Amino acid sequence: MPVLDVLRYQELEQVAVVVTRYFGGTLLGTGGLSRAYGQAAVQAVEAARPVLMRLCREYQVTASYTDHERLSRAWLQAGWRCSGAVFGIDVDIKVQVPLESDDAFRQLCADLTGGAALIEPQRQVYLPLPPPDPPPARA
């Protein structure tokens, strides 16, 4: 219950927190054990920096090498994820775009490539967008 109370207080959903306590010979009692579990959950939530998951559509984009450079910069600036680039005659790359940005994505690709990019919609996925910052380095 102490862990669940922390999650409810923070209004977090779709979260799992695991607290493991190794017995070191000290009996904490019911109250002490509850406080220890609650405190561990608070520390875990603070360290995790929760993110908002957004429904995205994944696209397979095929473009020339020159267009790929322009597109990659624009996608990065827009906060869209790119992955799985395959370099052949052209460049095939997967791009994950929030559903509400579908039209803007298609228009941007058309504008930057003169309509030459082949854009194929793929699956829908939930992703943290914009991507979360990496955790700070520990001293």
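Which chymotrypsin sites (Phe, Trp or Tyr not before Pro) from the range 1-106 combine a DSSP loop assignment with at most 10 other Cβ atoms within 10 Å?
On the way: sites: Y9, Y22, F23, Y37, Y59, Y65, W75, W80, F87, F105; in loops: Y22, F23, W80.
In loop regions of the range 1-106 (DSSP not H, G, I, E or B), the sparsely surrounded chymotrypsin sites (Phe, Trp or Tyr not before Pro) are Y22, F23.
If R0 equals 22 Å, the separation of the Cβ atoms of Q107 and F87 corresponds to a calculated FRET efficiency of about 0.30.
Checking understanding here: applying a Kyte-Doolittle mean of at least -1.0 and a length along the axis of at least 18 Å (C-alpha), which whole DSSP H helices in the chain pass?
Numbers: long enough: 29-48 (28 Å, 0.18); 65-78 (20 Å, -1.09).
Once both thresholds are applied, what remains is 29-48.
Which whole-number percent of Cα pairs in the range 53-128 have a distance greater than 15 Å? Roughly 48 percent, once rounded to a whole number. Since only A104, V17, T30 are under comparison, the one whose Cα sits farthest along the positive direction of the charge dipole of the chain, derived from C-beta charges on Lys, Arg, Asp and Glu, is T30. I need the shape label for the chain. Rule: rounded when a/c is under 1.5, else prolate if a/b > b/c, else oblate, with a, b, c from the alpha carbon gyration tensor. Cα axes put the chain in the prolate bin. Taking Cα centre as origin and charging only the Cβ of basic (Lys, Arg, +1) and acidic (Asp, Glu, -1) residues, the dipole magnitude of the chain rounds to 620 debye. Scanning the chain for trypsin sites (Lys or Arg not before Pro) lying in DSSP loops with no more than 11 further Cβ atoms inside 10 Å, the longest uninterrupted stretch between such sites is 22-137. Between Q14 and M1, the modelled labels are 2.9 nm apart [label points 7 Å from Cα along Cα→Cβ].
Values in this text are rule-based calculations from the coordinates and carry no lab data. Just so it is clear, the model here is predicted, and its values are computed rather than measured. Cβ coordinates were reconstructed from backbone atoms using ideal geometry, including for glycine residues, and neighbour counts include every protein chain displayed.
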